[in-house]
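The values are calculated or read from the model by the stated rules, or taken from the named source; none is laboratory data. Note that the structure is predicted; figures quoted are calculated from it, not measured. Cβ: placed from backbone, ideal geometry, glycine included. Neighbour counts: every protein chain shown. These accessible areas exclude ligands, DNA and RNA; they are computed on the full protein's heavy atoms, side chains included. Shrake-Rupley method; radii C 1.70, N 1.55, O 1.52, S 1.80 Å.
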Amino acid sequence: MLRRTAGALLAAPLLVLGACSTIIPPGAEPEPEPTPLPSPPAAPTALLTGVERGPGISSLGFTLADAQGALASFVESCPVILKREDKSGLTRLDDWTQPCRLASTWPMERADRFFTENFETARVGEGEAFATGYFEPQIAGVRERQPGYDVPVYAMPSDLVRAWPKDTPAEERDGRAPLGRIDENGDHVPYYDRGEIVDGALAGRGLEIAWARDEVEFFFLQIQGSGQLIGPNGEVMRIGYAGQNGRGYTGIGRVMRDQGLLGDGPGQYPGSMQGIMRYIRENPEDGDALMRMNQSWIFFRELVGDGPLGSLGVPVRRESSVAVDPNFVPYGAPVWLALDRPEANGLWVAQDTGGAIKGANRFDTFWGAGVDSREIAGGMSGRGQALILLPKGALDRLGVN
């Protein structure tokens, strides 16, 4: 069931270039997505950007079904948000104590009242939102290699390590050392890039945890960061992000746009994930070169459970989970979106992040698995307004009138 229309719609849709978030475990490095980034934020956190009190929650008009999905996701988030510092500056740990205590036993038939009675709305900056979509791909794949399944799905290699190259001056060794490998001379060098891995740099090392049927489908699964492998007998293997090779990410949709390949003109392709995939299939040599331009490679691990994990470490849920920049939205906070894409309107819960999800009011909505999920997420691009729901009393403590 798609979301309900919510409020006034403020802007026209944007061209989508396969915008997706990456589903990653806590502490892992987020993998960027091919999304045109908004302008850099004027301040590094929500609090420094500026916060004002929003309208009363009862005026938002969300439905009971919408509130039920958000409440279920909020309950799953509470064990983590009660222990995790809020980087946005909007809340403290004790702000969440009362809502989380009540949520654990709150009756679902009154889920709408949970939000109206325990939260208040806040607008960060101007509240002007930009939202894309991501999903959990389902592609053909098997655990053991067999004819027709020749695309390796690699686990994290043991020689992928963090270290400083020998020639890095001491004064420049600040923060985390870069990812790479130790070469035959004992120096730390960049790890194998996508092209080298595709050409067999990791073959024969026993790193294969599964085999995919289609390299194009697997390329886009890597962008999503998680997915399901479906075998010919119907066996399902869920895989999730384990790590990344440390190489820079290139969004191939942006490359295609710069080359004039995307658009509505003769010979151009739609600027959606589906359009990009069609170009690659219809132009196999150029498509292979295009994919190799993205030197980043994602390593996977098998996931056990009923859903992929977001960066908060809890399962992300269709039409309830949204990826955010945690410097601007507290993890676990409910978010209200009113966009020019009505299927994305309503209540979401901040449970994930992504390399392209940066700045205030930038969101990536999660659409689960299945054919319609791919269609919705692959073409999702919406603008409108966003409100963050904060525990009652947080705005008073911040001095927001």
Quiz item: With every protein chain present, what is the per residue accessible area of the chain (1.4 Å probe, Å²)?
Solution: 42
Quiz item: Cβ under 10 Å from R143's Cβ, R143 left aside: what net charge do those residues give with Lys, Arg +1 and Asp, Glu -1?
Solution: -3
Practice problem: List the DSSP H helices in the chain whose Cα atoms stretch 18 Å or more along the helix axis and whose mean Kyte-Doolittle hydropathy is at least 0.0. | Solution: 64-81
Quiz item: When the accessible area of region 153-282 is split by element with a 1.4 Å probe, what percent falls to carbon and sulfur?
Solution: 46
Quiz item: Computed on alpha carbon atoms, what radius of gyration and Dmax characterise region 85-190, expressed in Å?
Solution: 24.7, 65
Quiz prompt | Pairwise centroid distance, computed over Cα atoms, of region 110-158 with region 226-278, Å | solution = 15
Practice problem: Assuming a ≥ b ≥ c are the square roots of the Cα gyration tensor eigenvalues, decide whether the chain counts as rounded (a/c under 1.5), prolate (otherwise, with a/b larger than b/c) or oblate. | Solution: prolate
Quiz item: For region 348-365 and region 45-92, what is the separation of their Cα centres, given in Å?
Solution: 13
Self-check item: Highest-MSF residue in the chain out of R173, R123, R194 [GNM, Cα springs under 10 Å]
Solution: R173
Quiz item: Where nothing but the Cβ of Lys and Arg (+1) and of Asp and Glu (-1) is charged, how large is the charge dipole of region 285-401 around its Cα centre, in debye to the nearest 20?
Solution: 520
Quiz item: About the Cα centre of region 277-331, what is the dipole size in debye to 20, counting +1 per Lys and Arg Cβ and -1 per Asp and Glu Cβ, all else neutral?
Solution: 140
Exercise. At q = 0.16, 0.26 Å⁻¹, what is the base-10 log of I(q)/I(0) for region 183-235 according to the Debye formula with one equal point scatterer per Cα and no solvent? Please give it to two decimals.
Key: -0.66, -1.25
Quiz item: Counting only pairs 8 or more places apart or on different chains, how many lysine pairs in the chain have C-alpha atoms closer than 25 Å?
Solution: 4
Quiz item: What size of dipole, in debye to the nearest 20, comes out for the chain about its Cα centre when the only charges are +1 on Lys and Arg C-beta atoms and -1 on Asp and Glu C-beta atoms?
Solution: 940
Quiz item: Net charge near R173, counting Lys/Arg +1 and Asp/Glu -1 over other residues with Cβ under 13 Å of its Cβ?
Solution: -1
Quiz item: With a ≥ b ≥ c the root eigenvalues of the C-alpha gyration tensor of region 189-315, is it rounded (a/c under 1.5), prolate (a/b larger than b/c) or oblate?
Solution: prolate
Quiz item: What is the diffusion coefficient of region 270-315 in µm²/s, taking the Kirkwood radius over Cα pairs and the Stokes-Einstein relation at 4 °C with a viscosity of 1.567 mPa s?
Solution: 96
Quiz item: Using alpha-carbon pairs under 8 Å, 6+ residues apart, how would you state the relative contact order of the chain in percent?
Solution: 34
Quiz item: If you take every DSSP beta bridge whose two residues both sit in the chain, what share of them, in percent to the nearest 5, is antiparallel?
Solution: 75
Quiz prompt | Directionally averaged projected area (convex hull, Cα atoms, region 123-245), nm² | solution = 11.8
Practice problem: Could you tell me which of rounded, prolate or oblate describes region 224-299, using a ≥ b ≥ c as the square roots of the eigenvalues of the alpha-carbon gyration tensor, with rounded for a/c under 1.5 and, failing that, prolate when a/b is larger than b/c and oblate otherwise? | Solution: oblate
Quiz item: In units of 2.2 N^0.38 Å, what is the alpha-carbon radius of gyration of region 37-143?
Solution: 1.31
Quiz item: Among 321-329, 61-69, what's the highest-first ranking by average C-beta atoms within 10 angstrom per residue?
Solution: 321-329, 61-69
Practice problem: Rank M380, G368, L339 by how far each Cα sits towards the positive end of the charge dipole of region 319-394 (+1 on Lys, Arg Cβ; -1 on Asp, Glu Cβ) and give me just the farthest. | Solution: L339
Quiz item: What is the ratio of the Cα radius of gyration of region 247-401 to 2.2 N^0.38 Å, where N is its residue count, to two decimals?
Solution: 1.22
Quiz item: Along the charge dipole of the chain, which of A111, G310, Y249 sits closest to the positive end, that is, farthest toward it, with unit charges on the beta carbon of Lys, Arg, Asp and Glu (+1, +1, -1, -1)?
Solution: A111
Quiz item: Just from its helices, what would the mean residue ellipticity at 222 nm be for the chain, if runs of 4 or more DSSP H residues each count -39500 (n - 2.57) and the sum is divided by every residue, rounded to the nearest 500 deg cm²/dmol?
Solution: -6500 deg cm²/dmol
Self-check item: Considering only region 265-385, percent of DSSP beta bridges that pair antiparallel, nearest 5
Solution: 75
Quiz item: Stretched out fully, how many nm does the piece from E235 to R176 gain, at 0.36 nm a residue minus the Cα gap?
Solution: 17.3 nm
